Amino acid sequence: MRPWTIKGTRPLSGWRSAISLRVPWWRLDWPILLVGLGLVALGLVFVEQMSQADDLFGHTHRVPVKQLAKALVAAPFLVLGLLVRPRWLRRNAYALYVGALFLVCLVPILGEERNGAKLWIPLPLGLDLQPSELVKIGVIVALARALYRTRLERARDWRVPALLALVPIALVMVQPDLGTALTLVPITLGMFWLAGARTRVLAALVLGAALVGYSAWRLDWIQGYQKKRIDTWVSSFDPDSLIRNKNGGAFHLHKAQLSIGNGDIFGQGLGRGVANEAGHLPERSSDSIFAVIAEESGFLGASALVVTYLVFAGLFLVAAGRTRERFSRLVIAGTGLYFAAHFAINTGVNLGLIPMTGLTLPLVSTGGSSMLVSLALLGLALGLSARAEVALDSDSFRE
């Protein structure tokens with residue numbers, strides 16, 4: 001016999017336990033949704049101009065022309081995220097995490113190598129899956145679940161959360177996918193801080209990680225191409241060195257900074273930048289799309305994008321602050337950290353502030369897996385914020 005609830009209805013089972021078709025639209029954070037969709041539209045416009053430039057100038061290295069199709073394929077995951085029940089997500093957070101790691105472990109077996117890295121699993125209909133992107137969802141929900149009942153006040157409280165973060169970081173770095181590994185670090189540290197970790201403990205962790213990274217570079221503990229990228233980045237702070245290596249190791253960095261500088265104040269106009277006309281900027285539709293936007297819309301356009309993206313990420317933190325249930329709050333905040341970390345690293349690489357690494361600008365760059373994960377996280381955050389389950393934990397009574 002099935003148990004009955006207090007209201008006299010049967011407990012939810014099957015798909016109804018996972019999703020609810022009743023979305024409280026009046027409580028939805030519409031500014032977040034509208035800004036997110038606006039960023040998608042911005043990416044579609046610039047990628048379409050790149051495709052037209054390829055046709056016009058006969059470029060050999062062409063940008064993907066299926067960005068709209070990828071956005072349409074990813075759109076249902078935005079809706080699915082909106083429909084997920086918070087309790088189901090909390091109960092199955094570790095299962096989602098393990099599933100993402102399992103897919104990462106399949107990459108060496110089923111993956112396809114591109115640009116010296118085996119990161120993608122080919123799928124039917126010409127689609128590709130990058131499991132390292134899915135890991136970001138797994139890490140956010142798993143950390144939220146692990147931090148749901150702890151505030152990292154004792155040393156033993158750190159064991160599970162630290163393990164949940166270190167395992168995927170190590171697996172992704174082995175592929176190698178340094179860009180994804182780098183994004184997981186600020187997401188993890190940010191969620192630790194929001195969960196109650198002391199600032200001095202996090203500062204010690206950051207300092208320790210910096211010392212390990214510096215030692216790895218100086219003592220050649222990293223792979224040759226990674227050390228070369230760091231060496232090139234360090235030397236690029238000298239303009240003369242950057243120009244001398246513009247046809248060598250600093251080729252990508254030089255072209256990105258040249259495109260940004262060429263934008264001047266008002267830009268060269270949509271589709272009229274040298275990066276599009278000459279087609280010499282590597283990965284201009286994904287890793288380097290910020291440089292293209294800066295060249296064609298100028299300093300004013302690039303600044304507007306920076307402000308818009310920072311506001312977009314900040315709105316998630318505002319929504320998290322309004323959410324009293326701790327798990328949902330951490331997932332929403334983790335989503336904001338996801339977008340902020342990607343934006344900081346992507347723009348930092350293009351501006352030469354951090355070493356060159358491949359990383360997309362979520363919702364704007366090409367990349368089916370990136371678009372899928374970004375829209376799924378956007379939907380999850382909006383759904384959790386709108387549902388706002390009642391909570392009786394101590395956080396609910398803090399001012």
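Report the charge-dipole magnitude of the chain in Debye, nearest 20, computed about the Cα centre from +1 at each Lys and Arg Cβ and -1 at each Asp and Glu Cβ.
With only Lys, Arg, Asp and Glu charged at Cβ, the dipole is about 2080 debye.
Of the candidates 112, 48, 325, which one comes out as most mobile in a Gaussian network treatment of the chain with C-alpha springs shorter than 10 Å?
Maximum fluctuation in the GNM of the chain, among the listed residues, is at 112.
Is there a pair in 118/255; 70/246; 66/228 whose C-alpha atoms are over 29 Å apart, and which pairs would that be?
70/246; 66/228
Using the Kyte-Doolittle scale, find the helices of the chain whose mean hydropathy is at least 0.5 and whose Cα atoms extend 20 Å or more along the helix's long axis, counting only whole DSSP H runs.
30-57, 67-83, 93-110, 131-146, 159-174, 178-195, 199-218, 289-322, 326-351, 368-387
For region 100-221, what number results from the quotient of the Cα radius of gyration and 2.2 N^0.38 Å?
This ratio for region 100-221 stands at 1.19.
Once you have all Cα-Cα distances for region 199-308, histogram them in 5 Å bins from zero and send the whole-percent values.
2, 12, 16, 15, 15, 14, 12, 9, 4, 1
What is the Rg over Rh value, at two decimals, for the chain, using alpha-carbon atoms and the Kirkwood definition of Rh?
0.98
Name the residues whose placed amide hydrogens come within less than 5 Å of the amide hydrogen of residue 119, ignoring near sequence neighbours (fewer than 5 apart) on the same chain.
Excluding prolines and chain starts, which carry no amide H, the hits are 112, 114.
Taking +1 at the Cβ of each Lys and Arg and -1 at the Cβ of each Asp and Glu, which of 108, 210, 190 sits farthest along the dipole of the chain towards its positive end, judged by Cα position relative to the Cα centre?
Of 108, 210, 190, it is 190.
For residue 19, what residues show an amide H to amide H distance below 5 Å, using hydrogens built from the backbone and excluding near sequence neighbours?
85
About its Cα centre, how strong a charge dipole does region 165-230 have in debye, to the nearest 20, once Lys and Arg get +1 and Asp and Glu get -1 at the Cβ?
200
How large is the direction-averaged shadow of the alpha-carbon convex hull of region 70-122, in nm²?
If I average the Cα hull's projected area over directions, I get 4.9 nm².
Each reported figure results from applying straightforward, stated rules to the coordinates on display, with no laboratory input. These numbers were taken from a predicted model, which means no experiment stands behind them. Quick reminder, even Gly has a Cβ in these numbers, built from the backbone with ideal geometry, and neighbours come from all protein chains shown.
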